[in-house]
Amino acid sequence: MLPTAADLHADAVRDAGGTVGDLGADTRGIVWLDARDPDGLEAALAEAPGVGWVQLPFAGVDAFAHLIQEHGDRVLFTSAKGAYAEPVAEHALALTLATLRVLQQRARATSWATEPEGVSLYGRNVVVIGAGGIALEYLRLVAPFEVSVTVVRRSDDPVPGAERTVTTDALDEVLPDADVVVVAAAMTSGTAKLFDARRFGLMKPSARLVNIARGGLVDTDALVAALREGTIAAAGLDVTDPEPLPDGHPLWDEPGAIITPHQADTPDMVAPLLAERVRTNARAFLGGSGDGFVGVVDPAAGY
């Protein structure tokens, strides 16, 4: 029998020199694996007031933002940011190529198309929102296509693989030239509905949007309207708002959209990657110096 994800993470704690046990007054660290149960973590923190470190399962920690703010002064929260960069960036590239080659339409077709459609990624202008591990790995993957990449982030410090880096207040300036816009940013109060009707209006009609970050970064109604009206050409989405996307939602029927069910990183893909993150951070926690943690969450920034 293959080991479960819980087994892998328990082994990672033991490998680091820790002990796995039931939650209680002597618990000092928590590896929380259920991203859909922030209430459960809240209860666990109340039951184990001596906890000093919590490992969260995903890069996105918006569901736990209130707990991070409330307990961040005494608890170190680490996330999986960067741990799943390879599979998620791979999926982002797949969605990029799919939208450029109009596979969202080809997959639905029931007869042979006669009109030539689709464009090549080679030499295109790509705008990447965010500069975390997924963005950096995506830049590495698209490098052979000789694209011109602009990264949009909080800082304008240069990013390896990008032709230029601009701050978020310059987003409106770079959107009009983008052939592909890849959303790989954290979901915070400041980035909610980052892409709305106004921003879609800045993009050219041939542009493609790819979102592998959080659905709430995009105004779904505005996206449906932009696709329906031809404001942009296509969208490749692994995340939506709401999520799961309800049956019958107009986005399902939009010929410009290709949607995958938030599976850029499946459990089989990520379990060993998260286990390695747990091993590293458990070792750092047990070391007691505060050094060596990976994926530390900034309570002020929210990611």
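The values are calculated or read from the model by the stated rules, or taken from the named source; none is laboratory data. Remember, it's a predicted structure, so these values are computed and weren't measured experimentally. Neighbour counts are summed over all protein chains in view; Cβ atoms, including those assigned to glycine, are modelled from backbone coordinates with ideal geometry. Protein only, heavy atoms only, side chains kept; ligands, DNA and RNA dropped before computing areas. Shrake-Rupley method; radii C 1.70, N 1.55, O 1.52, S 1.80 Å.
A few comments on the model shown:
- Within-13-Å neighbourhood charge of Arg214 [Cβ basis; K, R +1; D, E -1]: -3
- Simple spin-label estimate for Ala170 and Ala300 in nanometres, 7 Å along Cα-Cβ: 2.4 nm
- Whole-percent carbon and sulfur share, accessible surface of the stretch 213-303, 1.4 Å: 54 percent
- Where trypsin sites (Lys or Arg not before Pro) fall in DSSP loop in the stretch 24-100, at most 12 other Cβ within 10 Å: Arg36, Arg74
- Length added when fully stretched, Asp221-Glu86, from 0.36 nm per residue minus Cα-Cα: 45.6 nm
- Average Cα contact separation per residue, the stretch 1-65, under 8 Å, 6 or more apart, as relative contact order %: 33 percent
- Rounded to the nearest 20 debye, dipole of the stretch 66-201 from Cβ charges on Lys, Arg, Asp, Glu: 340 debye
- Over the chain: helical MRE at 222 nm, DSSP H runs n ≥ 4 each giving -39500 (n - 2.57), nearest 500: -9500 deg cm²/dmol
- Label-to-label distance, nm, for residues given as Ser120 and Thr19 (7 Å Cα→Cβ offset): 6.3 nm
- For Rg and Dmax of the Cα atoms in Å, calculated from these coordinates, the label among (1) 23.8, 83; (2) 23.1, 89; (3) 20.6, 69: (3)
- Degrees, to the nearest 10: 85-100 long Cα axis against longest axis of the chain: 10 degrees
- Listed peptides 232-239, 144-151, 265-272, 53-60 by packing density, highest first (mean Cβ within 10 Å): 232-239, 53-60, 144-151, 265-272
- When only Cα pairs below 8 angstrom with a gap of at least 6 residues are kept, the stretch 78-153 shows a relative contact order of 40 percent.
- The stretch 84-124: trypsin sites (Lys or Arg not before Pro) in DSSP coil with no more than 14 other Cβ atoms inside 10 Å: Arg108
- For the chain, the Cβ-based charge dipole about the Cα centre amounts to some 580 debye (Lys, Arg positive; Asp, Glu negative; other atoms uncharged).
- In a DSSP loop and with at most 16 other Cβ atoms within 10 Å, the trypsin sites (Lys or Arg not before Pro) in the stretch 140-178 are Arg154.
- Degrees between helix 5-15 axis and first principal axis of the chain (Cα, 0 to 90, nearest 10): 50 degrees
- Separation in nanometres of the label points that stand 7 Å from Cα toward Cβ, at Gln69 and Ser189: 0.5 nm
- Where a label projected 7 Å from the Cα of Ala46 along Cα→Cβ would reach, residues of the stretch 64-89 with amide N under 14 Å: 67
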